[in-house]
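Comments concern the structure below.
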Amino acid sequence: MTYIQERPPTYTQEKPPLAESVDQLRARIPGWGVDLDPKDRPSVPKLRRIEGLTHAHWDFPQRQPEKWPRERSVEHKFLTPVFGTACPPRGVSGAMRRYAYKYSEGRAAHWVILLAADRVDAWENHLRSLATTHPDNPVTETGVLSEFGHRGISSRLGKKRADLPHHVLDPVIVAGPWILAARVAYVGVRAAWKRRH
Amino acid sequence: MQAMVYRGPYKVRVEEKDIPPIEHPNDAIVRVKLAAICGSDLHLYHGMMPDTRVGMTFGHEFIGVVEQIGPSVQELKVGDRVMVPFNIFCGTCWYCARGLYSNCHNVNPNATAVGGIYGYSHTCGGYDGGQSQYVRVPFADVGPSVIPAWMDDEDAVLLTDALPTGYFGAQLGDIVEGDVVVVFGAGPVGLFAAKSAWLMGAGRVIVIDHLQYRLEKARTFAHAETYNFTEYDDIVVHMKKITDHLGADVAIDAVGAEADGNFVQHVSSSQLKLQGGSPVALNWAIDSVRKGATISVMGAYGPLFSAVKFGDAMNKGLTLRMNQCPVKRQWPRLFEHIRNGYLKPSDIVTHRIPLEHITEGYHIFSAKLDECIKPLVVPSAA
């Protein structure tokens, strides 16, 4: 029987040695070790009362007026005293969102319905925009024209980037639904035309 | 006012919106001087975060000048140059009283699992963000601070998220002297986490990414040893080889929901939205560290489930630590580090984009064109 004589540190109690000593590290790295003592680390310990950093002068904050029925998580006891007022829910996506908030955050239904509502919201707004003087423009709004002035090709070619295989999917996500909608509209109009003639 | 507006996945534009009003007595309205696009904004831009509504203005990294204050504001006055942490927080709830400002219970009616964040979907409270000319800042006596006269705007804006998050990530690693620390992701948070690991006494700092220009930055800015995972059959095995088959003592996930390195994981999360995020970097972290190690998660993930290798994490006896960074808690110490010359946050800025051209800014950052690491946004009123 042959015995292996080497004693690699990992398989004994020693830790593998470092290439640089503390003195070398301190000389090479500005500020090396200045926060070595956990007492100097602001988030240690995790739970800590910090005096004088904020200046709240209330025990419970005054309540912000609720200007429309604000959707909220059923895991909250009540509407929080302060909340954002961007983009109130409206349309089909709004109804979906209000429905999603009937489920707790612990239920996948809550998040899946919200994600579906996001897609419906995008379509509702695309369609609404067509009736305005500022319709959605998938070319200018994707910023894809910056490919020409910002090294679109040379930033990718020969760079061994791991994200290139899915870059080709991005245009499908942006343009796919538009092409699909155009196809559905074309088929619908053609069918109606045929029925009349 | 001009503001960036989300129009659906991969689409944003600049629109005219009303200047936000005071909604609460402790609100302030801030005229934005400088904002930034964060890597986590790309999750919104790609339509990954549930309840991201068309019409919302993104932007949780910004500084500005106080334009208007509500009747109960005592600490700020009109004209103050202020930096605003990305967290919105009340200062007095159970969480805030214990320093967990990012987990404030009084600012986000939409979810209990996350606090309030500017411009980060309704899941984070439904607040418009700072990629605009003006922004509403709730709890003006609590979150914002007047920027010290010696600090320049670009350093200040990076103190609203990216630098504190990287510094916080290194703290959650519980680094002790001589630890081998591996950071996944050489974006802004990863660069700052690597830099911070040295401050806490790391003996070796390794950064993993697939973008060569970012790895170059990790070498020059963060003094790190770097590896491009595309050059190895299996980056986990390589990590074991370069650590004498022990594994790193600490790993920091600074990538989050759109990690590359596994096509199926990426597409199922980023494109198909079937997962809360692509946990490629997190799984590599779990497998690359030694048994009994600590993993700090700074990458943002969505609220849906993700295919994380918890079996390995359990069997290896790992400690997983994570949170959104309580930004203001980091400021006093980070101010000292900047004054002492240990950190120069603005060294990572690569692009300064006028707000009117933010559409291009998002595409450049998302597609990683032009060696983009950190794009700043400059509103025309600045």
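Where a number appears in this text, it was derived from the coordinates with a stated rule and is not lab data. Treat the numbers as computed from the prediction; the structure is a model and nothing was measured. We place every Cβ from the backbone using ideal geometry, glycine too, and count neighbours over all the protein chains shown.
The label point for A:V184 and the one for A:I50, both projected 7 Å from the Cα toward the Cβ, are 5.0 nm apart. Counting only other chain Cβ atoms within 10 Å of each residue's Cβ, the peptide B:121-127 averages 6.
3J(HN,Hα) along the range B:329-336, derived from phi through the Karplus expression 6.51 cos²θ - 1.76 cosθ + 1.60 where θ = phi - 60°, amounts to 4, 8, 4, x, 5, 5, 4, 4 Hz, with x in place of Gly and Pro.
For chain B, the spherically averaged projection of the C-alpha convex hull amounts to 17.1 nm². Mean separation of Cα pairs under 8 Å and 6 or more residues apart, divided by the residue count, gives chain B a relative contact order of 17 percent. Computed across the range B:163-322, the Kirkwood hydrodynamic radius from all distinct Cα-Cα pairs reaches 15.1 Å. Among the GluC sites (Glu not before Pro) in the range A:45-104, those placed in a DSSP loop whose Cβ has at most 13 other Cβ atoms within 10 Å are A:E51, A:E66, A:E75. The mean number of Cβ atoms from other chains found within 10 Å of a Cβ in peptide A:173-181 is 2, as a whole number. Computed from Cα atoms, the angle from the helix B:358-367 axis to the main principal axis of chain B rounds to 10 degrees.
Pick out, in residue order, every one of the chymotrypsin sites (Phe, Trp or Tyr not before Pro) in the range B:265-330 that is DSSP loop and has at most 16 other C-beta atoms within 10 Å; say none if there are none.
B:F305
About the centre of its Cα atoms, chain B shows a dipole size close to 420 debye [charges on the beta carbon of Lys, Arg (+1) and Asp, Glu (-1) only; nearest 20 debye].
Please list the non-local residues whose amide H lies under 5 Å from the amide H of B:I353, H modeled 1.01 Å from N, same-chain partners needing a gap of 5 or more. Answer set, sorted by chain and number: B:L376, B:V377, B:V378.
Which entries in B:K240/B:K328; B:K195/B:K328; B:K309/B:K368 show an alpha-carbon gap greater than 30 Å?
Working: B:K240/B:K328 37 Å; B:K195/B:K328 19 Å; B:K309/B:K368 28 Å.
Over 30 Å apart, Cα to Cα: B:K240/B:K328.
Distance from the Cα centroid of the range B:260-312 to that of the range B:1-75 is 29 Å (rounded to whole angstrom). Rounded to 0.05, the FRET efficiency of the B:Y213 and A:A175 pair, given R0 = 41 Å and the Cβ-Cβ distance, is 0.90.
Kirkwood analysis of the range B:243-336, using all unique Cα-Cα pairs, places the hydrodynamic radius at 14.2 Å.
Straight distance only, please: which lysines reach the Cα of A:K77 with their own Cα at less than 21 Å, same-chain residues fewer than 8 apart left out? Within the straight-line limit of under 21 Å, A:K77 reaches these lysines: A:K67, A:K102.
For the range B:1-60, report the translational diffusion coefficient in µm²/s to the nearest whole number, using Stokes-Einstein at 37 °C, 0.692 mPa s, and a Kirkwood Rh over Cα pairs. Write down the numbers at each step before the final one.
Values: Rh = 12.8 Å.
D, rounded to a whole number, is 256 µm²/s.
For the range B:149-160, putting each phi into the Karplus relation 6.51 cos²θ - 1.76 cosθ + 1.60 with θ = phi - 60° gives couplings of 4, 7, 9, 8, 4, 5, 5, 5, 5, 6, 7, 8 Hz, in residue order, rounded to whole numbers and with x for Gly and Pro.
Under a 10 Å cutoff between Cα atoms, tell me which one of B:A97, B:A35, B:A156 has the largest fluctuation in the Gaussian network model of chain B. Checking each option, the largest mean-square fluctuation is seen for B:A97. When only alpha carbons are used to place a centre, the range B:318-372 and the range B:210-227 end up 16 Å from one another.
Taking 25 °C and 0.890 mPa s as the conditions, I'd like the Stokes-Einstein D for chain A in µm²/s, using the Kirkwood hydrodynamic radius from alpha carbon pairs. Walk me through the numbers on the way to the answer.
Values: Rh = 25.4 Å.
Result for D is 96 µm²/s.
Can you grab the distance from the C-alpha centre of the range B:121-198 to the C-alpha centre of the range A:25-84, Å, no decimals? Each part reduced to its Cα centre gives a spacing of 13 Å.
Under unit Cβ charges (Lys, Arg +1; Asp, Glu -1), what dipole magnitude, rounded to 20 debye, does the protein assembly as shown have relative to its Cα centre?
On the way: 63 positive and 61 negative charges, 314 e Å.
That gives a dipole near 1500 debye.
For B:I252, the residues whose amide H sits under 5 Å from its own are B:V182, B:V183, B:F184, B:S296, ignoring neighbours fewer than 5 places away on the same chain, with H placed 1.01 Å from N. What the phi angles of the range A:15-32 give under the Karplus curve with 6.51, -1.76 and 1.60, with θ = phi - 60°, is a coupling list of 8, x, x, 8, 6, 10, 7, 4, 5, 5, 5, 4, 6, 8, 10, x, x, 4 Hz, glycine and proline written as x. Counting only residues at least eight positions apart within a chain, or on another chain, the aspartates and glutamates with an alpha carbon under 15 Å from that of B:K217 are B:D209, B:E225, B:D347, B:D370, B:E371. Projecting the Cα atoms of B:G203, B:Y213, B:S268 onto the dipole axis of chain B, where Lys and Arg carry +1 and Asp and Glu carry -1 at the beta carbon, places B:G203 farthest toward the positive end.
Using only the Cα atoms of the protein assembly as shown, each taken as one equal point scatterer with no solvent, compute I(q) by the Debye sum, divide by I(0), and report log10 of the ratio at q = 0.05 Å⁻¹. Each listed q corresponds, in turn, to -0.21. The dipole here belongs to the range A:42-197: it is taken about the Cα centre, uses +1 on the Cβ of Lys and Arg and -1 on the Cβ of Asp and Glu, and is about 480 debye. Averaged over the residues of peptide B:80-92, the number of Cβ atoms from other protein chains lying within 10 Å of each residue's Cβ is 2.
Against chain B, whose longest principal axis comes from its Cα atoms, helix B:188-199 is set at around 70 degrees. So which DSSP H runs in chain A come out at 20 Å plus along the axis (Cα) with average Kyte-Doolittle of at least 0.0? Span-like helices in chain A: A:108-130, A:169-196.
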